[in-house]
Amino acid sequence: MSEAVTSSVLELDGVTKRYDGETAVEDLDLTVEEGEFMTLLGPSGCGKTTTLRLIAGLEKPDEGRVNISGEVVACDDGCRKPECRDVGLVFQEFALFPHMTVEENVEFGLNGHAEDRVDEMLELVGLEGHREKNPENLSGGQRQRVALARSLAPEPEVLLLDEPFSNLDVGLRVRMREEVRRIVKEAGVTTITVTHDQEEALSISDRVGVMNDGRLEQIGKPEDVFQTPESRFVADFLGHASFVSGYVSDEGVETPLGTVDFDYVEGLTEAYTGVDVDLLVRPDDATALPAEGDPDGTIIHRRYDGPSFTYRVELSNGDTVHCMHNHVDSFEVGDEVQVRLELDHPLAWYPAEETA
Ligand SMILES: Nc1ncnc2c1ncn2[C@@H]1O[C@H](COP(=O)(O)OP(=O)(O)O)[C@@H](O)[C@H]1O
Ligand SMILES: [Mg+2]
């Protein structure tokens, strides 16, 4: 590879890791820019932790290499030790030293003469008043702040967070993820988190990379990955996905819910006329209305989500669509309805799947 001309802090280049012949991470390319907050999102077992361990130097790649600040720190014939990399790592369980105070925990990664830095870190995470406490006397959110302060204290180039919010209660989880983003942005550190929680990934990240089975399926801004998933896997993983089948005419896509104009189908044109496609319709893209005349379908499931109700409608062709309604509960299971597509952005589409 030639010398980097970008401001990227971290680069993974064709990284593959196998355990006993089973591939955990496969041919992974990833570039993270300075100061960026990136999240790797994917189901359990897809290789997220392994990726972080490869970056931290706790695992050695079988193929490919890892660059930090333009220097190769790991490749298949050599590997710099974790303590010699400019990387901070926060584990899911925070791994604080129970017999040390907050202050001593934060000081741990620093080589002496560090009082100013400890003060700075405790202020950054808002724990100045708790410096003498032991971790057992702290709340979950406070423990997480200590873990964060400890890993930020030595000023790493890259901060890695493995499922950082999964041990926290729901309400705290939402507050802490915003707080963590504020803290790392203020510290200016390049950060990679991993999670299986799509809402978390979408809400705090500059970019999201979706992983499946050891591979990176798609990477991009949260809104782009959500609105225009490049695969059905990504579409499904990022939120309730319904697929409405249709075929392309010279007007648009003809579906059981009417014609969807080309303007509202991402990148589709007349050139595809005659092709069978599936449109991605998310719950907020569809509304159920009382049937007039010929109904589009029947409500087969009703779910109360708190702020909204979601109805699952089975269409005459067997497709199902989720319709999300705010506040008002309008239907029961068995009701016949019309379904209206709320087209305020182009829908993603996929070539129709063969039905066996
Ligand atoms: N030390 C290990 N030895 C053997 N297999 C492992 C080891 N670590 C992870 N794996 C396997 O590699 C795959 C990816 O694991 P992991 O990176 O932990 O996934 P995730 O963090 O996304 O849940 C899984 O199939 C897992 O069983
Ligand atoms: Mg994991």
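Within the chain, all pairs of alpha-carbon atoms sorted by distance into 20 Å bins from zero give the percentages 26, 46, 25, 3. The antiparallel fraction among DSSP beta bridges confined to region 242-351 stands at about 95%.
Residues Thr193, Thr320 in ascending order of nearby Cβ atoms (within 10 Å, fewest first): Thr320, Thr193.
Springs between Cα atoms under 10 Å define the GNM used for the chain, and in it the highest mean-square fluctuation of Val208, Val337, Val25 occurs at Val337.
Amide H to amide H, with H built 1.01 Å from N, Val277 comes under 5 Å of Gly246, Tyr247, Val248, Ala352, counting only residues 5 or more places away or on other chains.
Beta bridges assigned by DSSP with both partners in the chain are antiparallel in approximately 75 percent of cases. Global size of region 158-211: 10.6, 28 Å for Rg and Dmax (C-alpha atoms, Rg to one decimal, Dmax whole).
Based only on the alpha carbon positions, what is the Kirkwood hydrodynamic radius of region 49-154, in angstrom?
Details: mean 1/r = 0.0669 Å⁻¹.
Averaging 1/r across every pair of different Cα atoms and inverting gives 15.0 Å.
Residue by residue, region 17-31 carries 3J(HN,Hα) couplings of 9, 10, 10, 6, x, 8, 7, 9, 9, 10, 6, 8, 10, 8, 10 Hz when phi is fed to the Karplus relation 6.51 cos²θ - 1.76 cosθ + 1.60 (θ = phi - 60°); x denotes Gly or Pro. When the helix-only estimate is applied to the chain (DSSP H runs of n ≥ 4, each -39,500 (n - 2.57), divided by the residue count), what is the mean residue ellipticity at 222 nm, nearest 500 deg cm²/dmol? Rounded to the nearest 500, the figure is -6000 deg cm²/dmol.
Which residue, Glu266, Glu292, Glu123, tops the fluctuation ranking in a GNM of the chain built on C-alpha contacts under 10 Å? Looking only at Glu266, Glu292, Glu123, the largest GNM fluctuation is found for Glu292.
Within a straight-line Cα-Cα reach of under 14 Å, Lys17 can be paired with the following aspartates and glutamates, leaving aside sequence neighbours fewer than 8 residues apart in one chain: Glu26, Asp27, Asp29, Glu59, Asp62, Glu63, Asp76, Asp77, Asp213.
Expressed to the nearest 5 percent, the antiparallel share of DSSP beta bridges inside region 135-252 is 50 percent.
Every number in this text was worked out from the coordinates using simple rules, so none of it is lab data. Remember, predicted model here, so these are calculated numbers, not experimental data. For neighbour counting, all protein chains shown are included, and Cβ atoms are generated from backbone atoms with ideal geometry for every residue, glycine included.
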